[in-house]
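**Q** Before anything else, here's the structure in question.
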Amino acid sequence: MSGDLDRLALRVQLSAFSGTTLPADLAELLADGLGGLCLFGSNTADGPAALRALTHTIRDAGPRAVIAIDEEGGDVTRVHARQGSPVLGAAALGAVDDLSLTRETGNAIGAELAGLGITLALGPVADVNTNPANPVIGTRSFGSDPSLVAAHAAAWLIGLQEAGVAACAKHFPGHGDTDLDSHLAMPVVGVDTATLAARELVPFAAASDAGVAAVMTSHIVVPAVDPELPATLSPKVLSVLREQLGFDGVIVTDALDMAGASRDRGIPEAAVLALMAGADLLCLGADKDVALVREVQAAIVAAVQSGRLPEQRLTEAADHLAGLEPYDRAARQDRRDQVALAQLVGARAAVTVEGELPRLGRAWVVAVDTEANIAVGDVPWGLPADRALTPGPGALAGAPADRPLVVQVRDAHRHPAVGALLAEVADAGRPAVVIEWGWPGEYAGRLPRVCTRGDSRPGRAAVTELLMETGWDR
């Protein structure tokens with residue numbers, strides 16, 4: 001393929017790859033005009049120096065390429081996937097409700113990403129998490145109150161963009177009131193337009209007003225606006241963002257390999273429909289090969305040639321991407337020690353205790369394995385455990401009978417088997433405490449509960465301090 005149309009059809013794609021070195025065929029695509037790459041945990045596995053080298057290689061191959069990453073702080077971190085994030089996530093920041101801390105957190109993430117050569121952070125999460133059963137947002141949200149989420153999303157993105165990295169508020173028009181994961185299914189937000197405006201849209205309006213560089217769409221259906229197409233593919237939904245909220249930045253799709261976008265139509269067709277709806281940058285998903293990029297490119301070119309997709313719309317999408325060109329990269333003072341202290345203070349404030357903690361000297365620590373949030377991934381979480389266990393009959397077999405228990409869980413309220421396990425622990429009568437590392441849902445258990453509102457290194461430090469006050473001597 002050659003020509004301006006072919007180049008434009010590459011320019012609007014955000015692809016990905018596996019591994020810590022740039023494949024030669026992908027470097028060729030970048031030279032041909034590929035819009036950018038999204039980095040995941042496999043790309044960052046060799047550490048910061050290797051990641052800087054990788055982004056330099058990407059930049060050499062495609063000087064205008066967007067280099068994006070999901071770096072939200074807290075549970076969702078790609079740069080620190082093996083160690084845990086050094087900063088708090090959204091739910092913890094919302095619980096503390098200190099806008100200066102939230103802005104500083106965004107700024108700390110931005111400063112690190114800028115130093116690593118990354119130009120676009122796929123955050124903040126602007127979803128209002130009103131459904132406690134939500135399997136994919138949860139602690140990634142600042143909270144369940146629209147005004148609080150709006151204020152903190154704006155503060156976080158301002159801090160990030162002050163550090164020289166573009167922010168991307170997600171997942172428009174709001175993924176918080178769902179009990180399905182759009183990676184796997186098609187969630188529906190069945191509210192009327194008044195509720196949508198007063199709840200879901202409020203943080204996105206604040207993000208737009210704060211100058212956010214990009215907004216990411218979600219693969220959810222909002223029948224009150226469009227009963228047929230998911231937001232990513234819906235001109236009606238995306239016109240709300242452009243016309244009602246006045247957003248004039250870059251519209252980025254959530255990954256098009258997710259079921260909510262492409263299960264019944266395939267990624268190339270989803271890409272064409274997203275462009276027709278008004279999206280500018282097409283995120284293809286993790287670990288994609290060059291063949292898929294070329295398939296999407298061919299589908300876009302064919303759509304333009306057939307008249308389905310106006311060439312002006314494709315040109316407009318490509319032109320919008322100038323808003324993601326690298327920001328000011330001026331050297332900044334190293335503030336890591338100050339940031340670490342502020343994060344620990346924030347973590348202490350975010351942690352809450354329900355009930356009275358028992359003495360926990362020589363406590364046996366377990367981590368209860370449940371299905372991970374796909375956006376978070378299969379990464380370490382919580383305190384080091386003596387045993388990881390799956391909830392069910394006999395799960396605690398072998399637990400020392402003469403030692404207290406620390407039972408670590410995530411979103412226990414969403415897993416009946418975890419509730420049964422905690423009841424079994426309570427029935428045994430031994431000293432025990434529950435550490436809830438997920439969303440602090442409704443809890444009727446008889447054991448004292450510590451709520452962290454997400455995993456992070458400062459959160460782990462705060463919980464460790466708390467347990468040591470009970471005589472825990474780990």
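Conditions tested, residue by residue: (1) touching a helix residue (DSSP H, G or I) at 6+ places or on another chain (Cβ under 7 Å); (2) closer than 26 Å to ASP319 by Cα.
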position: ASP4; (1), (2): no, yes
position: LEU14; (1), (2): no, yes
position: GLY19; (1), (2): yes, no
position: PRO23; (1), (2): no, no
position: LEU26; (1), (2): yes, yes
position: LEU34; (1), (2): yes, yes
position: PRO48; (1), (2): no, no
position: LEU51; (1), (2): yes, no
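**Q** Next question. Need a quick list: strands (runs of 3 or more DSSP E) entirely within the range 379-474 having at least 3 residues that are at pLDDT 95 or above and small (Gly, Ala, Ser). Explain how you work it out, then say what you get.
**A** Working: elements: 387-389, 405-409, 432-436, 449-451.
Output list is empty.
**Q** Can you give me the number of residues within the range 350-399 that are more than 30 Å from THR102 (Cβ to Cβ), surrounded by 13 or more Cβ atoms within 10 Å (Cβ to Cβ) and in contact with a Ser or Thr (Cβ under 6 Å, 6 or more places away or on another chain)?
**A** Going through the range 350-399 one residue at a time, the tally reaches 2.
**Q** Of the residues LEU238, LEU229, which is at pLDDT 95 or above, surrounded by 22 or more Cβ atoms within 10 Å (Cβ to Cβ) and either closer than 24 Å to ALA299 by Cβ or not hydrophobic (A, V, I, L, M, F, W, C) (or both)? Show your work before the answer.
**A** Values: LEU229 fails: surrounded by 22 or more Cβ atoms within 10 Å (Cβ to Cβ).
Step by step, each of LEU238, LEU229 is checked, and only LEU238 is at pLDDT 95 or above, surrounded by 22 or more Cβ atoms within 10 Å (Cβ to Cβ) and either closer than 24 Å to ALA299 by Cβ or not hydrophobic (A, V, I, L, M, F, W, C) (or both).
**Q** Further question: Go through the range 268-305 and give me each residue that's aliphatic (A, V, I, L, M), crowded, with 21+ Cβ neighbours inside 10 Å and closer than 22 Å to LEU180 by Cα.
**A** Answer for the range 268-305, where residues must be aliphatic (A, V, I, L, M), crowded, with 21+ Cβ neighbours inside 10 Å and closer than 22 Å to LEU180 by Cα: ALA270, ALA274, LEU284.
**Q** So, one more: What residue, among those in the range 426-467 that are aliphatic (A, V, I, L, M) and under 17 Å from VAL345 (Cα atoms), is surrounded by the most Cβ atoms within 10 Å (Cβ to Cβ)?
**A** Within the range 426-467, the subset aliphatic (A, V, I, L, M) is 426, 428, 432-435, 444, 447, 450, 461-463, 466-467.
Cutting the leftovers down to under 17 Å from VAL345 (Cα atoms) gives us 450, 461-463, 466-467.
On the way: VAL450: 22, ALA461: 16, ALA462: 24, VAL463: 22, LEU466: 19, LEU467: 21.
Selected residue: ALA462.
**Q** Can you pull out every residue in the range 54-71 that is buried (at least 20 other Cβ atoms within 10 Å of the Cβ) and either touching a helix residue (DSSP H, G or I) at 6+ places or on another chain (Cβ under 6 Å) or more than 23 Å from THR102 (Cβ to Cβ) (or both)? Steps first, answer last, please.
**A** Going residue by residue through the range 54-71, those that are buried (at least 20 other Cβ atoms within 10 Å of the Cβ) are 54-55, 58, 62, 65-71.
Of everything in the range 54-71, those that are buried (at least 20 other Cβ atoms within 10 Å of the Cβ) and either touching a helix residue (DSSP H, G or I) at 6+ places or on another chain (Cβ under 6 Å) or more than 23 Å from THR102 (Cβ to Cβ) (or both) turn out to be LEU54, THR55, ILE58, GLY62, ALA65, VAL66, ILE67, GLU71.
**Q** OK, next. Name the residues in the range 249-261 that are surrounded by fewer than 24 Cβ atoms within 10 Å (Cβ to Cβ) and either in a helix (DSSP H, G or I) or without any contact (Cβ under 8 Å) to a residue 12 or more places away in the chain (or both), would you?
**A** ALA259
**Q** Being touching a helix residue (DSSP H, G or I) at 6+ places or on another chain (Cβ under 6 Å), in a loop (DSSP other than H, G, I, E, B) and β-branched (Val, Ile, Thr): is that true of VAL149 here?
**A** Details: touching a helix residue (DSSP H, G or I) at 6+ places or on another chain (Cβ under 6 Å): yes; in a loop (DSSP other than H, G, I, E, B): no; β-branched (Val, Ile, Thr): yes.
The answer is no for VAL149.
**Q** Quick one: how many residues across the range 423-445 are aliphatic (A, V, I, L, M) and either touching a strand residue (DSSP E or B) at 6+ places or on another chain (Cβ under 6 Å) or closer than 26 Å to GLY89 by Cα (or both)? If you could, list the steps in order and put the result at the bottom.
**A** So in the range 423-445, the residues aliphatic (A, V, I, L, M) come out as 423, 425-426, 428, 432-435, 444.
This time we only want the ones that are either touching a strand residue (DSSP E or B) at 6+ places or on another chain (Cβ under 6 Å) or closer than 26 Å to GLY89 by Cα (or both), so: 425, 432-435, 444.
Residues flagged as aliphatic (A, V, I, L, M) and either touching a strand residue (DSSP E or B) at 6+ places or on another chain (Cβ under 6 Å) or closer than 26 Å to GLY89 by Cα (or both) within the range 423-445 amount to 6.
**Q** Mind checking which residues of the range 106-143 are outside any loop (DSSP other than H, G, I, E, B) and of a type in the set (A, V, I, L, M)? Give the derivation first.
**A** Step one: filter the range 106-143 for residues outside any loop (DSSP other than H, G, I, E, B), giving 106-115, 120-121, 125, 138-140.
ALA108, ILE109, ALA111, LEU113, ALA114, LEU120, ALA121, VAL125, listed by residue number.
**Q** For the range 204-248, how many residues meet the condition of being touching a Leu at 6+ places or on another chain (Cβ under 8 Å), over 11 Å from GLY278 (Cβ atoms) and part of a helix (DSSP H, G or I)?
**A** Total satisfying the criteria: 5.
Residues checked against (1) in contact (Cβ under 8 Å) with a residue 60 or more places away in the chain; (2) under 21 Å from ARG460 (Cβ atoms):
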| residue | (1), (2) |
| --- | --- |
| LEU341 | no, yes |
| THR352 | yes, yes |
| GLY361 | yes, yes |
| ASP369 | no, yes |
| ASP378 | no, yes |
| THR390 | no, no |
| ARG410 | no, yes |
| ALA420 | no, no |
| ASP427 | no, no |
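**Q** Looking at the range 155-197, which of its residues are of a type in the set (A, V, I, L, M) and over 21 Å from ALA68 (Cβ atoms)? I'd like the intermediate steps shown before the answer.
**A** Filtering the range 155-197 for residues of a type in the set (A, V, I, L, M) gives 155, 157-158, 160, 163, 165-167, 169, 180, 184-186, 188-189, 191, 194, 196-197.
Within the range 155-197, ALA155, LEU180, LEU184, ALA185, MET186, VAL188, VAL189, VAL191, ALA194, LEU196, ALA197 meet the criteria.
**Q** Go through the range 174-202 residue by residue and tally those that are among the small types (Gly, Ala, Ser), in contact (Cβ under 8 Å) with a residue 60 or more places away in the chain and not in a loop (DSSP other than H, G, I, E, B). If you could, list the steps in order and put the result at the bottom.
**A** Filtering the range 174-202 down to residues among the small types (Gly, Ala, Ser) leaves 174, 176, 182, 185, 190, 194, 197-198.
Restricting the remaining residues to those that are in contact (Cβ under 8 Å) with a residue 60 or more places away in the chain gives 182, 185.
In the following step, the residues that additionally are not in a loop (DSSP other than H, G, I, E, B) were identified as none.
Residues flagged as among the small types (Gly, Ala, Ser), in contact (Cβ under 8 Å) with a residue 60 or more places away in the chain and not in a loop (DSSP other than H, G, I, E, B) within the range 174-202 amount to 0.
**Q** Looking at LEU201 and the list (1) in contact with a Leu (Cβ under 6 Å, 6 or more places away or on another chain); (2) modelled with pLDDT of 95 or more, which single condition is not satisfied?
**A** In the conditions (1) in contact with a Leu (Cβ under 6 Å, 6 or more places away or on another chain); (2) modelled with pLDDT of 95 or more, LEU201 misses (1) alone.
**Q** Scanning the range 446-466 for residues that are among the hydrophobic types (A, V, I, L, M, F, W, C) and touching a strand residue (DSSP E or B) at 6+ places or on another chain (Cβ under 9 Å), which turns out nearest to GLY176 (Cα to Cα)?
**A** Taking the range 446-466 as the starting set, the residues that turn out to be among the hydrophobic types (A, V, I, L, M, F, W, C) are 447, 450-451, 461-463, 466.
Okay, now just the ones that are also touching a strand residue (DSSP E or B) at 6+ places or on another chain (Cβ under 9 Å), so 447, 450-451, 463, 466.
On the way: LEU447: 29, VAL450: 24, CYS451: 20, VAL463: 27, LEU466: 31 Å.
That would be CYS451.
**Q** Any residue in the range 206-225 that is in contact with a helix residue (DSSP H, G or I) (Cβ under 7 Å, 6 or more places away or on another chain), surrounded by fewer than 24 Cβ atoms within 10 Å (Cβ to Cβ) and acidic (Asp, Glu)?
**A** no
**Q** Does ILE158 satisfy the criteria of being surrounded by fewer than 23 Cβ atoms within 10 Å (Cβ to Cβ), aliphatic (A, V, I, L, M) and not in a loop (DSSP other than H, G, I, E, B)?
**A** Details: surrounded by fewer than 23 Cβ atoms within 10 Å (Cβ to Cβ): yes; aliphatic (A, V, I, L, M): yes; not in a loop (DSSP other than H, G, I, E, B): yes.
In short, yes.
The values are calculated or read from the model by the stated rules, or taken from the named source; none is laboratory data. Worth saying up front: this structure is predicted, and the values here are computed from it rather than measured. Note that each Cβ is placed from the backbone with ideal geometry, even for glycine, and that neighbours are counted across all protein chains shown.
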